[in-house]
Structure formats: structure tokens, C-alpha cells
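K.L.:
Here it is, the structure in full.
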Amino acid sequence: MEIKTADIAKLKKTARMIRIDILKMLTIAGSGHTGGSLSATDIVTALYFAKMRHDPNNPEWQERDRFILSKGHAAPLLYAVLARSEYFGMDMLTTLRKIDSPLQGHPSKNTLPGIEASTGSLGQGLSIANGIALGLRLDGYNARVYVLLGDGETQEGQVWEAAMTSSHYKIDNLCAIIDNNGLQIDGRVKDVMGIDPLVDKWRAFGWHTIEIDGHDMEEILSAFDEAEEVKGKPTMIIAHTIKGKGVSFFEGKARYHGIAPTPEELATALLELEDKDLVV
Amino acid sequence: MSQKIATRDAYGAALLELGRRREDVVVLDADLSGSTKTERFAAEFPSRFFNMGISEQDMIGTAAGLALAGKLPFASTFAIFETGRAWEQIRQSICYPKLNVRLVASHGGITVGEDGASHQSTEDITVMRVLPNMTVIVPADATETVAIINAIADYKGPVYVRLGRAKVPVIFEEDYRFKIGSAYVLSLGKDVNILATGIMVSEALRAAEILRDEKIDAGVINISTIKPLDGETVLKAAKTSRTIVTAEEHSIIGGLGSAVAEFLSEVFPVLVWRVGIKDRFGCSGTPEGLMKLYEITAEDIVVAAREAMSKKR
């Protein structure tokens, strides 16, 4: 699939709006995960607005492509993307983390249309994605399953159990993405519990692997296209990203893994993000 | 009660029949399909059977995904590994989103025998019962197992079924009717009622006969659905005898005895004597030897009933 330049520009603009949504909703909520929502914004935006076949008016359409947010703490990103896709109203975003709100701190299935699985306990999403992909294959549907993992998340043993399952059962309607931002709550991934060499590991587990810049829209889209062509094995896209991407003073800081912007930080961040209107 | 069949064998047969009737049934196992008896399904429906290898956590997550895709997954392994190793996966990936996954575990209880404590699941009922949305069922015999497998096929939400390794007496006739959430009254006693689950139902029947010889009118009620508990029947039993003995091949902490005591303490407090495994691990031995050692035989139920009667107010 050839992406027109204009589409890329539109996607970049959508990603920027989603970053603004994320920052606003987190500031209102007063808590939540900023860094990992911003690092994965371009990837998830590309999926929902350019790649996946899905229908916000019919969220349970059986042949839809699925997206599982295994790194469930990036819930603000998923909520913003779903709202901008018109699964529900934008005004819902202001209820993030509030009592009785369907926008829980981590995604909960059955509370909101468009949420495919309850996640938040790390390491479980790839297994779920495998199961869905196997189910779709049994039914003969052409639909694809996408699952986004954090890099720190791959320290969970279940991820590697699932990695074996994906290749053993030749699950080629599955595409996993690692948001490889290099940081987790306690600091740098390589200091807390090293996971390198990441590409070699996934390849050794029988996966087709692609390395990309996770903030380059063209690279993101062409990786998804490449994954779709791979037969007989699952595809892992290792997306190199920057935690807190888009806001200079959040970028690359582990501290912003799990805290929300202050109103002052939001004001400064919005100036940075809105300025970029000029360059698009 | 002359014929003896293991509930896991009945499961293997029932699952195969269910698979023939329903194309949405898929089965997962963690390298124990010969022991859990899912191998019969696997042989006839290889495309709908997924051996996950020795990876229970991944098996639970994959079963969740298959349910999300509209399938009816049955996931089996030994009870201790299914409910213990993968407890948090069951909580997060299955119970929380209330998915239609059937966790049918074999080798529940200490009658697993010679493999010893590491393989004897004596706390699975407790840890499954505590999970919101989870239904917990323990069949008393092979007949009831078949009825349960058919009943849970049409049920909405997660279900845990605990099966055993050892051959146990067949209690019920072919026309036995099982309903999820309903206890089955075999007899109602005026002096004491024994509420039993799983293989302890046949022990309870034997205990009731011994007690009858002592002129004690003992009833036996099969509580196969431990959650949701059939409060109406439990209350009726308590009101009739004012003394209850519970019997389970499981820890007395958190299982059937706890469920009954919790319920009655709020609505009709009576003496509840719990026959079960005390707060300790098992050991290797024959099933019969272990039941004696851990004091969960008909004779132990009789002792409990006598003591309860002597303290009755």
C-alpha cells in the first residue's frame, strides 16, 4: 500500500492532536502514565487511522482487525485514539480515572466500545493476541491482530512462552510491536534487567523481525505492510522510540513513566505541540 | 456403588461428545493431555486442539484470546498448576473481563497420591472461589461430570471444574439432573446433615449409614457447585438438623466448609464441623492411605458428626 504524502501529513497531525489529548486528560486526572503513552502515540495512531480495518459504528464486527494494548498503562493513548476514531465522545476523556468512569486507570473490556482485552498486568497481552489470532484463523477470517508491548514488559516470562506459541503455531495473522523506549519505572531497562539483544532473541524464537524508528510515520506504515506479506511466521516490529516523545522536558526521563503533567507543565507542553502546526 | 470411574475419564468422554456436537469447542492442554484425558478430543479434532507445552500462564492467556474470538475454550492441566501457577492470569485475563473459558482441571486433592505434596492441589477451591465472576464446580462422580460438562457449555462466564485422578464410585444414575448452582439432596437428616463435595459425597453416604446404625438420623447433600452456593438448600439443611458437617478433599481453609460457615453465620448460625485437610501439606502415599492419614474418610465424618451432636445446643 502506497501512502500519499498528504496522508502522512494528516497522520502526523492526528498523532499530535492525540498527544495533546493525552496530556490534557492526564492533567485533569492528576495521575497516570505520560511517558509510555507519548512514546507509542505514532505507532497506535498509524494503526487506527491508516492500517487497521475496524468500524467504530460496529465495534463487534467479527472480521475486524484487533489491537491489544499489552502495556495497559498507556491507556490514555488508547482512549484518545478510540475517541478520535469516534467509538465514543471526546468529552469522555475528561473522566479518566474517575469513579464510575469507563475510562479506568488501565483498559477494562466490557466498559467501553473498542477495548479488546482487559490489560494492565504486564506480560499477558501476547498470549491473548495469539488466542484471538488462532480463533480468527479457525473461522477463516482474513483479519489481523496487532499487539503492543513495552520493552520492560518483555522481562515477564509469559512473554517468551507466548513467543514460542506464536511461532510454533505459525501465527502469521499476528503482528507484535515493542515500544522500545529503553526506560521503565525504576530507570533504564538495561540497568534494571537487560533484555538485549532484543532482535536476536525474537529471531531466535522464530519471528520475522523488523527494526524501525517508531516516530517515523513512513517507516511505521511500511513495517506494517511488510508484516502483512510474511507467511508462516509471526512478525515482531521493534520500534525505537523516545519516552515522553513530543514534549521536550518529558523526553527520555524515567521519572515521567507514571506521573501526570502539572497544569503548568501542560501549558508549556501545549505551546510546544501547537507550535508544530507551522511545520506540518 | 459398585462401579468405579475416575471423573477425569468421564471428562475425556464428555468433551469428545461435546466436540462432535459443537464446532466452537476448542481444547488446550499443557503437556498433560494423557493424564487430563483431553487426548481423546485431540485425536479426533487436531485442528481444534492446542497443546501449549509446559506453559500454564500462556495457556490461560491463549484461552482468553480464543474466547474473545468467539470460541468456547476448555483448558486443562493438573489443578495445582492450573489454579496456582496461572492464578493471576485467570484473574486478569479471564475473570475480570468475564470470558467464557472453562478451566477443567484434573488431579485435584490429595488422592493424586504417590507424586506427593507438589502435585496435590488442596487449595484450588479457595483460590478460585475468591475470584469475582468465577463459578466453581466439583463433581461427585462420573455421571455428574458428564452432566456438568454439558451444562457449562451453555453457561456465560468463567467456570472452574475440579476433577480427580483416582477411580471413584459411581453414585448417580444416568437420569441424574445437574443444574449449576443447585445442591442435590440425597437425603435430609433430622439430627445432622453432611454437606459434601467431590469424592467426599460417597464417603458421606457411607458415614450416614454408620450413623444410622447408631440411631443418628444423618442426611447427605451433594454440593457440587461451591460457588455460587445454593443457600436455600444449605439453610433448609441447617434448619432441619441444626448441626452441619461439611466434607471436602481440600483444605478446611477457604473451601466448602468455609463457604457454608460464612453463609450460615449470617443467616442461621448453627454448629458447622469441617472435615477436610488441616492447615498442612500432603505427602506421598496411596489415595486410600492418604485419606486415612489426613482424616477425610467416612469414619472421620462419623467422628465429626458425633462430636457435633454432643455439643448441639
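K.L.:
Once label points are set 7 Å from the Cα along Cα→Cβ at both A:LEU271 and B:ASP115, what is their separation, rounded to one decimal in nm?
P.N.:
6.6 nm
K.L.:
For B:LYS71, go through the lysines and keep the ones whose alpha-carbon is under 30 Å away, minus same-chain ones fewer than eight residues off.
P.N.:
Excluding near neighbours in sequence, the set is A:LYS51, A:LYS71, A:LYS109, A:LYS170, A:LYS231, A:LYS233, B:LYS37, B:LYS98, B:LYS156, B:LYS179, B:LYS227.
K.L.:
Let me ask something additional. Please report the net charge: other residues with Cβ closer than 11 Å to the Cβ of B:GLU214, K and R +1, D and E -1. If you can, show how the numbers build up before the last one.
P.N.:
Numbers: positive: B:ARG212, B:LYS215, B:ARG306; negative: B:ASP191, B:GLU209, B:ASP213, B:ASP217.
After counting each charged neighbour, the total is -1.
K.L.:
Rounded, prolate or oblate: which fits chain A when a ≥ b ≥ c are the square roots of the eigenvalues of the alpha-carbon gyration tensor, with rounded for a/c under 1.5 and prolate only if a/b beats b/c? Before the final figure, lay out the partial values.
P.N.:
Values: a/c = 1.44, a/b = 1.30, b/c = 1.11.
Rounded.
K.L.:
Could I ask something else about it? Taking DSSP loops as anything outside H, G, I, E and B, show the longest stretch in chain A free of GluC sites (Glu not before Pro) there with at most 13 other beta carbons within 10 Å. Intermediate results must be reported in sequence, preceding the final value.
P.N.:
Values: sites that count: A:GLU2, A:GLU60, A:GLU63, A:GLU86.
Value returned for the longest uninterrupted segment is A:87-280.
K.L.:
Additional query: Restricting to DSSP loop positions (anything but H, G, I, E, B) with no more than 14 other Cβ atoms inside 10 Å of their own Cβ, which chymotrypsin sites (Phe, Trp or Tyr not before Pro) remain in segment B:260-312?
P.N.:
Working: sites: B:PHE263, B:TRP273, B:PHE281, B:TYR294; in loops: B:PHE281, B:TYR294.
Here the sparse-neighbourhood loop sites are B:PHE281.
K.L.:
Related question: Of all alpha-carbon pairs in the protein assembly as shown, indicate the percentage at a distance above 48 angstrom.
P.N.:
Numbers: 40415 of 175528 pairs.
The answer is 23 percent, as a whole percent.
K.L.:
D for segment A:10-114, whole µm²/s, Stokes-Einstein with Kirkwood Rh over alpha-carbon pairs at 10 °C and 1.306 mPa s: what number? If you can, show how the numbers build up before the last one.
P.N.:
Numbers: Rh = 13.7 Å.
It diffuses with D of about 116 µm²/s by this estimate.
K.L.:
Listing B:LEU15, A:LEU148, A:LEU122 from the residue with the fewest other Cβ atoms within 10 Å to the one with the most, what is the order?
P.N.:
Details: B:LEU15 26, A:LEU148 30, A:LEU122 21.
Fewest to most other Cβ atoms nearby, the residues stand as A:LEU122, B:LEU15, A:LEU148.
K.L.:
Can I ask one more? With a cut-off of 8 Å between alpha carbons and a minimum separation of six or more residues, what is the relative contact order of chain A in percent?
P.N.:
On the way: 544 pairs, mean separation 66.8, N = 280.
After rounding, I find 24 percent.
K.L.:
For A:ASN58 and A:ASP91, compute 0.36 nm times the residue count separating them, minus their Cα-Cα distance, and round to one decimal in nm.
P.N.:
Numbers: separation 33, 0.36 × 33 = 11.88 nm, distance 2.04 nm.
9.8 nm is the gain from fully extending A:ASN58 to A:ASP91.
K.L.:
At a 10 Å Cβ-Cβ cut-off, how would you order B:SER251, B:SER2, B:SER93, fewest neighbours first? Let's see the in-between values first.
P.N.:
Details: B:SER251 22, B:SER2 5, B:SER93 31.
Result, fewest neighbours first: B:SER2, B:SER251, B:SER93.
K.L.:
To make sure I understand, if each residue's beta carbon is the centre and we count other beta carbons within 10 Å, what order do A:MET52, B:MET59, A:MET217 fall in, fewest to most?
P.N.:
With the fewest neighbours first, A:MET52, B:MET59, A:MET217 line up as A:MET52, A:MET217, B:MET59.
K.L.:
Please turn the phi angles of segment B:71-88 into ³J(HN,Hα) values with the Karplus equation 6.51 cos²θ - 1.76 cosθ + 1.60 (θ = phi - 60°), one per residue in order, whole Hz, x for glycine and proline.
P.N.:
In residue order, the calculated couplings are 8, 10, x, 10, 10, 10, 6, 5, 4, 5, 7, 5, 8, x, 4, 10, 4, 5 Hz.
K.L.:
If you don't mind, there's one more thing I want to ask. When the Karplus curve 6.51 cos²θ - 1.76 cosθ + 1.60 is applied with θ = phi - 60°, which whole-Hz ³J(HN,Hα) does each residue of segment B:186-201 get, with x for Gly and Pro?
P.N.:
7, 7, 10, x, 7, 8, 7, 10, 9, 9, 10, 9, x, 5, 6, 5
K.L.:
Scan around A:LEU174 for amide H atoms under 5 Å from its own, H built in the peptide plane at 1.01 Å from N, and keep only partners 5 or more places away or cross-chain.
P.N.:
A:VAL145, A:THR235
K.L.:
Compute the FRET efficiency between B:LYS312 and B:GLU173 as 1/(1 + (r/R0)^6), taking r as their Cβ-Cβ distance and R0 = 35 Å, and round to the nearest 0.05.
P.N.:
On the way: r = 34 Å, r/R0 = 0.98.
Rounded to the nearest 0.05, the efficiency is 0.55.
K.L.:
Counting other C-beta atoms within 10 Å, and keeping those with at most 16, which DSSP coil trypsin sites (Lys or Arg not before Pro) do you find in segment B:12-105?
P.N.:
On the way: sites: B:ARG20, B:ARG21, B:ARG22, B:LYS37, B:ARG40, B:ARG48, B:LYS71, B:ARG85, B:ARG91, B:LYS98, B:ARG102; in loops: B:ARG22, B:LYS37, B:LYS71, B:LYS98.
Those that pass, being in a loop and sparsely packed, are B:ARG22.
K.L.:
Now a separate question. Checking the cross-link filter: which aspartates and glutamates have an alpha carbon closer than 15 Å to that of B:LYS311, excluding same-chain neighbours under 8 positions apart?
P.N.:
B:ASP191
K.L.:
With the calculation restricted to Cα positions, what are the radius of gyration and Dmax of segment A:149-229 in angstrom?
P.N.:
So, for segment A:149-229, Rg and Dmax equal 13.2, 38 Å respectively.
K.L.:
If you take the beta carbon distance between A:VAL230 and B:ARG21 as r and set R0 to 41 Å, what does 1/(1 + (r/R0)^6) give as a FRET efficiency, to the nearest 0.05?
P.N.:
Details: r = 37 Å, r/R0 = 0.90.
Once the sixth-power term is evaluated, E becomes 0.65.
K.L.:
Now a separate question. Once each part is reduced to its C-alpha centroid, what is the distance from segment A:177-202 to segment B:31-95 in angstrom?
P.N.:
Each part reduced to its Cα centre gives a spacing of 30 Å.
K.L.:
Now, a different point. Output wanted: per-residue J couplings in Hz (rounded whole) for segment A:28-40, from phi through Karplus 6.51 cos²θ - 1.76 cosθ + 1.60, θ = phi - 60°, x for Gly and Pro.
P.N.:
5, 5, x, 7, x, 9, 7, x, x, 6, 6, 5, 9
K.L.:
Let me ask something else about it. Are there trypsin sites (Lys or Arg not before Pro) in segment B:207-288 that DSSP puts in a loop and that have at most 12 other Cβ atoms within 10 Å, and which ones?
P.N.:
Numbers: sites: B:ARG212, B:LYS215, B:LYS236, B:LYS239, B:ARG242, B:ARG274, B:LYS278, B:ARG280; in loops: B:LYS215, B:ARG242, B:LYS278, B:ARG280.
Listed in order of number, the matching sites are B:LYS215, B:LYS278, B:ARG280.
K.L.:
Still on this model: From the C-alpha gyration tensor of segment A:117-275, pull out the three semi-axes of the equivalent ellipsoid (sqrt of 5λ each), sorted largest to smallest, in whole Å.
P.N.:
Details: eigenvalues 183, 63, 44 Å².
Those come to 30, 18, 15 Å.
K.L.:
Moving to a separate point now. Report for the protein assembly as shown the percent antiparallel among DSSP-assigned beta bridges with both residues inside it, nearest 5.
P.N.:
On the way: 10 of 66 bridges.
Within the protein assembly as shown, antiparallel bridges account for around 15 percent of the total.
K.L.:
Also, I was wondering about something else. Using DSSP, restrict attention to beta bridges with both residues in chain B and report what percent are antiparallel, rounded to the nearest 5. Before the final figure, lay out each step's value.
P.N.:
On the way: 8 of 42 bridges.
Once the DSSP bridges in chain B are tallied, antiparallel ones form about 20 percent.
K.L.:
Relative contact order (percent) for segment A:138-207, with alpha-carbon contacts under 8 angstrom and 6 or more residues of separation?
P.N.:
Values: 60 pairs, mean separation 28.5, N = 70.
Across segment A:138-207, relative contact order equals 41 percent.
K.L.:
With charges only on Cβ, +1 for K and R and -1 for D and E, what is the dipole size of the protein assembly as shown about its Cα centre, in debye, rounded to 20?
P.N.:
Working: 66 positive and 79 negative charges, 244 e Å.
Dipole of the protein assembly as shown, to the nearest 20 debye: 1180 debye.
Just so you know, all these numbers are worked out from the coordinates, no wet-lab data involved. Quick caveat: nothing in here was measured; it's all calculated off a predicted structure. Counting neighbours? That spans all protein chains shown, and the Cβs are built from the backbone with ideal geometry, glycine included.
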